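The values are calculated or read from the model by the stated rules, or taken from the named source; none is laboratory data. None of these values were measured; they are calculated from a predicted model. Glycine gets a Cβ as well: all are built from the backbone with ideal geometry, and neighbour counts include every protein chain shown.
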Amino acid sequence: MLAQQHPSGQLSDYVLDLLAPDERRRVDRHLERCAGCREAVQQERAIAHDVRSTLIKATRPQPARLAQLMPPVPAVRRRNRYGLFLRPALALSILLFLFVASLHLYSPGSNGMSNSATATTLAATATTTPTTTAEPHDDATDSANFVEVRALRSAQAIGTPVAAILMMAQN
Amino acid sequence: MYWNSILSWPAGEVHGGEDLSLVERCQAGDETAFAALYHHYAAYIYRLTFSFLQHREDAEEVLQDTFEYAFRRIDRYDAQKASFKTWLYQIAVSRCRNKRRRKWLPTFPLSGLGEGEARDELTPLPEELLALNNRQKQIWQALNSLSPKLREAAVLRYYEGLTYPEIGQVLDIPPKTAESRTRLAHNALKEILIKQSSEGD
């Protein structure tokens with residue numbers, strides 16, 4: 001009678017905690033009075049226990065080695081909830097400042113250049129035209145050289161922040 | 001000081017709140033938080049990858065790879081979806097699978113096609129495993145002879161003590177599949193160990 005009720009097929013699931021609550025209670029009641037099944041359950045549990053103890057022993061890490069294996073910390077951009085707004089606002093402010101500065105620098109009242117386009121053109125010319133030559137020079141040549149050099153410097157001064165802004169926009 | 005907790009692993013469990021605070025500091029760019037996070041979890045991940053791959057160098061490589069990826073993608077971690085530990089385990093499992101696939105493909109014989117899932121090549125016991133007793137060596141070999149899918153389930157259940165829904169989350173499978181894989185792994189281990197014992201007698 002008792003042999004027919006041995007839940008042998010359920011003992012693995014019992015150990016693995018896979019039985020429904022009512023089935024588990026039924027196996028519990030059986031185990032209280034069946035030494036054979038209790039031993040079988042112990043053997044099932046021994047598998048889990050042995051796997052665990054084996055892995056704990058076999059995979060023990062060496063702290064010094066683990067420390068060596070730490071990957072480099074990446075450069076994480078700091079989160080700023082205002083960042084999305086501030087970045088374009090900053091770029092716009094710089095552009096506005098440069099625009100106003102260029103208007104002031106190249107206004108007719110300040111020695112010559114009328115717009116930045118002309119300055120850039122002259123800057124390009126200045127890079128290919130030597131300013132110190134053996135040609136006879138007069139006041140007019142000096143004045144032209146002065147304008148070219150100034151235009152080149154201004155173009156460089158404007159070009160650097162503009163390049164920086166473009167890089168910021170790309171990033 | 002961090003390494004003391006690793007030596008006593010797996011006794012020390014990191015609290016969820018502490019995890020989250022560390023992750024938030026990492027997301028804000030705090031370099032010390034990255035180091036703290038690594039020191040908390042490196043041993044867990046190493047043990048997991050070594051158990052899955054049963055090869056020390058591969059386990060170390062995957063450990064590094066896992067943290068390198070996690071550090072880079074820390075912004076994408078969402079505490080609403082999973083605990084940090086589960087997220088890290090998911091990354092490690094995925095990398096273990098890639099590692100196994102890369103090692104397995106070049107040596108896979110065409111004659112093996114259609115014979116079910118490939119098993120890992122039986123590797124000799126590494127030096128550090130020579131300290132195991134006979135029973136533990138048998139267990140190690142028995143785990144090695146399981147298919148990778150069953151080994152994953154067995155390690156996560158017996159070793160990590162995860163619940164079936166947690167195993168499902170880490171392995172990206174339904175909880176019922178996690179249950180059936182664990183059952184299959186258990187029965188296979190039992191069969192192998194009984195066979196080994198009878199051969200030894």
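At a glance:
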| read-out | value |
| --- | --- |
| Candidate set: the stretch B:58-88, residues that are touching an Asp or Glu at 6+ places or on another chain (Cβ under 9 Å) and crowded, with 17+ Cβ neighbours inside 10 Å; chosen: the one nearest to residue B:47 (Cα to Cα) | B:85 |
| From the options B:42, B:92, residue that is surrounded by 18 or more Cβ atoms within 10 Å (Cβ to Cβ) and free of Cβ contacts under 8 Å to residues at least 40 places away in the same chain | B:42 |
| Flag for residue A:78 being modelled with pLDDT under 85, more than 30 Å from residue B:39 (Cα to Cα) and among the charged types (D, E, K, R) | no |
| Listing of helices (runs of 4 or more DSSP H) fully contained in the stretch B:1-86 that carry 3 or more residues being modelled with pLDDT under 85 and more than 9 Å from chain A (Cβ to nearest Cβ) | B:16-27 |
